[in-house]
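Data first, discussion second: the structure below is written as structure tokens.
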Amino acid sequence: MKILRIIENRRKFYTFSMVIILAGFLAMFTYKFMNHQTALNYDIDFVGGTVMNVNIEKEFNKEDIMKIVYEATNSESIQVQKVQGENSVIIKYQVKDTVPQENKVQAAPLTAEQNTVNQQPVQTEPTTTDVTTPDTEVPEAPNYQNHIENVIKALSDKYGLKSENFISTEDISPTISTEMQLNAILSILLGTLFILIYISIRFKNVKMGIAAILALLHDVLVVLAVYAIFRIPINNAFIAAVLTIVGYSINDTVIIFDRIRENKKLYTKLSLTELINKSITETFARSIYTSMTTVIVTTVLFIFGVDKLREFTFPLIVGIISGTYSSIGNASPLWYDMIKNQEKKA
Amino acid sequence: MKSKSLLLVIGTLLAIALFGFLVLSDKVITIGMPEKVAETPAQTTKEAQAPTASNQQQPATDVARPAQEPIAKEATINEQQVNVVNEQSTPAVEKTTEGQAQTTVTPPATEVQTVPVKPTPAAAEDTTITPPATTQSSEKAETTKETKKQPIKIQNPLSYKNINLGLDLKGGVSIVYQADVANPSKQDMDSAVELLRRRLNAKNYTEAEVSLQGSNRIRVEIPGIGDPNQAVNEIGRTAELKFYGLTKEQEQAIKESSRNDAEALLKNMGIEPTYEQISQLAYMNYVKGIQDKGDLVLRGKDIESAAKSFEQTAQVGPMEPVIMLKMTSEGAKKFADATRKYKGSYIAILLDNDMLSIPKVNDEIDAGTAVITGMNSEKEATTTAELINSGALPFKLKDIQRTAIEARLGQDALAGSIFAGIVGAGFIVLFMVVIFRFPGLVADMALMAYVFLVLAVYSLFDVTLTLPGIAGMILSVGIAVDANVIIFSRIKEELNAGKTTRAAITAGFHKAMNAVMDGNVAAFIIALILYWQGTGPIKGFGQTLMIGILVSLFTAIVVTRYLLNAFVDLGVKNPTLYGAKRKLLTVGDLNKK
């Protein structure tokens, strides 16, 4: 088989990667400063709030539901989405918790959700402005339970719903969501750190470790770009997706490095460029096969799985492809760039 | 040699088949044909009858009661000595949707009044639901006992039915509570967990799980129920019983101001208040007023025990459910003092923010017992007594996270994932055969072994399968295949380099080992971090991924290796079968020079 000329073309690979990553940042920037939204579409896992999936069972008016929820919660960030093809609705809202800490999203409450196609928060305003009374007059400071109960009660009254109509309810207070954010960052950092240590020890080569980590960083940023561009909600599944991708990508990279290490002993006369190209070529089929099998499985999961899984599998598909790409096009070339000067001297 | 290999191949395949059979069959395997056919119809009719029968019974008692109820109710504190006339018993607010509307909120009137206690629809429903459930299950147990007489039964610990399903797959409610104090001690947390457990058991949620999370959180998971508000609020209550002494004047003042405040507030909001709205708000103000201004004379720790009992509270009338309180010696003394002090006035009995009753004190009580009347139903009396008995939580619990999934959604998710898993696995099986030919076929056998083994591990080690867990499992199929892909690619290279099939297999496994191990260790590290750092679903994902990686190492390396070698012994050694030389479909033939 023809030897692939990876090292010679590495700049093209770098550029391609940079373009995608920058596109992601551009998307975040646009949302943040041009559309006045949050840079990323944070799910309630990360900012706190309530999501309810309710089966109304008959035709309904989204504005009615907005109004009902507004009256029940006083929340200023209500999103109502109709589930396509069904008479059910997904209601999302955030309520200022008793916790003093302000969240980023709450800073721009009304504008924050103009991205979702279907909401008219403004419409509910005129009728209800007078309802907002200072919290002090309400005997008990509203807590989370009350909101959910109020919404459930109000919707049940209006549409005659039973408890089984409330398909799912999820509620997370900002206290725990801040923690989840920290936890997410911590797990990703920890994961990378351990991988770096493992590779450095296993290959007795810290630079290989660094190159591998840089490739990983690339994958994480590419996935982040996908989340930013497609506005996929950033939630717990995001962490799982990122870490899985990290695991996959590192697997790919390790196998190529492993081949480089092996070939280095076998073919002592090859130049560094030739050595890397040869190793990548030899493992190329395997890299493609593996990512293909995994992509097949994830795609099937994406097509047949439920919505919750879909949120998880789409970034995974992108991530696995990106992982394969980065381990071929980025990891080894980066390592090459790090040591080429040394080799020349030697 | 040949016969040994043949044995090995057949043995392995049989083992896989047996494993598959065990995993896919019931918890108890019955050998011999039980005569089920005759009994099933009988069972269904029994089941069908059971609920209707008890349905008829239950409302009958409920309906009978309100008819006789509207008779003056008198509360007595300590039967022998005193008659504390309960002006009005204010039923505890039930936090159900119907409950809120019905609660009679009018503050106690000054004169003895007749209070018709309507049975709340919620309570009536509740009582009727439980009996059929129990009769049904006992009936079932009987019938199964009958069927199990003749055939041999074998306990099957590997059955897939032992695998626990997470709430997202079977529906249910999960709540995370956080202690509302800065640094709760481990002891307090443990006792809070124990207390929640007892309360759940008392409510018959026997499948519910309570676990400590971190240093100040408690996670409660109740499978099966979809409505997060059903019973859940009760469970997290502090449940401290408090007795407040109030003079007549104080009571009057609180009552008036609470009603006025409520009216004023509602008017301010621009709402034309309905009677219910005012009463509801006034009641909340009233309770708050008592808590603020009342004199706390007795609290939870002064109560030794509470029990449901029946008592004739009116001169003429039926026996009514009440709660008997027994006080500790210290409590008895305090209570005696309080009743002396507030003779002719009121003592309000509150459970957290619910007013249980506010009786008028007619005489000093020093016997150390008290009776709380005004229970809506026997069930309410029982649960309230249990709540008091289970003791007060050492701190307030705040719920910070709550997830509820309706059972049907969970089942759909499970069905969808299983279907996706089967289709995905089918694609992989095909892919392997197409790309790697004979070794691919062997890898597919190993893959079967992998799937059954993983399921067996889940059921043996009590893994709770969640939606992300299934994703982790399916992904690990990809990893399992990856090891074989690496090995077979190597074998192909070795064959193309001119080695014999047997030598190529040995070399291929040997050379691929490093790469396979490194890749799997790296993935394992990630899985471990997910399991260790993650919470809830992420943890489940990490767990299944870890199990998947470990099992796949065994099947992809050990099982395929033995099988391949055995097949070579049996004469399957044409290199083209292993993907060498003829380059029709393969991309993976590699440079020889």
Which residue is farthest from A:A27 (Cα to Cα), if the candidates are limited to the range A:231-261 and must be within 9 Å of chain B (Cβ to nearest Cβ) and aromatic (F, W, Y)? A:F257
Take the range B:256-283 and flag every residue that is without any contact (Cβ under 8 Å) to a residue 40 or more places away in the chain and either closer than 18 Å to B:D352 by Cβ or of a type in the set (K, R) (or both). B:K267
Residue among A:Y70, A:Y31 that alone is more than 28 Å from the chain's Cα centre (by Cα), surrounded by 15 or more Cβ atoms within 10 Å (Cβ to Cβ) and of a type outside the set (V, I, T): A:Y70
Can you tell which of A:I232, A:I239 is buried (at least 21 other Cβ atoms within 10 Å of the Cβ), over 22 Å from A:T192 (Cα atoms) and at pLDDT below 90? A:I232
Can you find, within the range B:233-254, the residue that is nearest to B:L351 (Cα to Cα) among those that are at pLDDT 80 or above and among the charged types (D, E, K, R)? B:K242
Restrict the check to the range A:120-136 and report whether at least one residue is assigned to a helix (DSSP H, G or I), within 18 Å of B:T403 (Cβ to Cβ) and at pLDDT below 75. no
Can you find a residue that is of a type in the set (S, T, Y), part of a helix (DSSP H, G or I) and under 26 Å from the mean Cα position of the chain (by Cα) anywhere in the range B:491-510? no
Which one is modelled with the lowest pLDDT among residues in the range A:169-214 that are part of a loop (DSSP other than H, G, I, E, B) and on the phi < 0 side of the Ramachandran plot? A:S173
Tally, over the range B:406-442, of residues that are crowded, with 18+ Cβ neighbours inside 10 Å, at the interface with chain A (Cβ under 7 Å from one of its Cβ atoms) and not β-branched (V, I, T): 8
Residue satisfying all of: in the range B:385-399; within 17 Å of B:S215 (Cβ to Cβ) and in contact with a Phe, Trp or Tyr (Cβ under 7 Å, 6 or more places away or on another chain); nearest to the other protein chains (Cβ to nearest Cβ) among these: B:K398
Restricting attention to the range A:298-318, the residues that are buried (at least 22 other Cβ atoms within 10 Å of the Cβ) and over 18 Å from A:V246 (Cα atoms) number exactly 4
What single numbered condition from (1) more than 30 Å from B:R219 (Cβ to Cβ); (2) at pLDDT 75 or above fails to hold for B:R582? (2)
Any idea which of (1) surrounded by fewer than 24 Cβ atoms within 10 Å (Cβ to Cβ); (2) within 13 Å of another protein chain (Cβ to nearest Cβ); (3) farther than 17 Å from B:G548 by Cα; (4) of a type in the set (V, I, T) is the one B:T506 doesn't satisfy? (2)
Do the conditions hold for A:I195, that is, is it more than 18 Å from A:L316 (Cα to Cα), hydrophobic (A, V, I, L, M, F, W, C) and more than 8 Å from every other protein chain (Cβ to nearest Cβ)? no
One residue is enough: does the range A:151-161 have a residue meeting the conditions without any contact (Cβ under 8 Å) to a residue 40 or more places away in the chain, more than 9 Å from every other protein chain (Cβ to nearest Cβ), out of contact with any helix residue (DSSP H, G or I) (no Cβ under 7 Å at 6 or more places or on another chain) and not acidic (D, E)? yes
Identity of the residue in the range B:452-475, of a type in the set (G, A, S) and surrounded by fewer than 24 Cβ atoms within 10 Å (Cβ to Cβ), that ends up nearest to the other protein chains (Cβ to nearest Cβ): B:A456
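Conditions (1) part of a loop (DSSP other than H, G, I, E, B); (2) in the same structural domain as A:S327 (by TED's automatic domain parsing), marked per residue:
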site: A:K2; (1), (2): yes, no
site: A:F25; (1), (2): no, yes
site: A:M28; (1), (2): no, yes
site: A:D64; (1), (2): no, no
site: A:V69; (1), (2): no, no
site: A:A72; (1), (2): no, no
site: A:V89; (1), (2): no, no
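The values are calculated or read from the model by the stated rules, or taken from the named source; none is laboratory data. From a predicted model like this one, the values you see are computed outputs, not experimental measurements. FYI the Cβ positions are ideal-geometry reconstructions off the backbone, even for glycines, and counts take in every protein chain you see.
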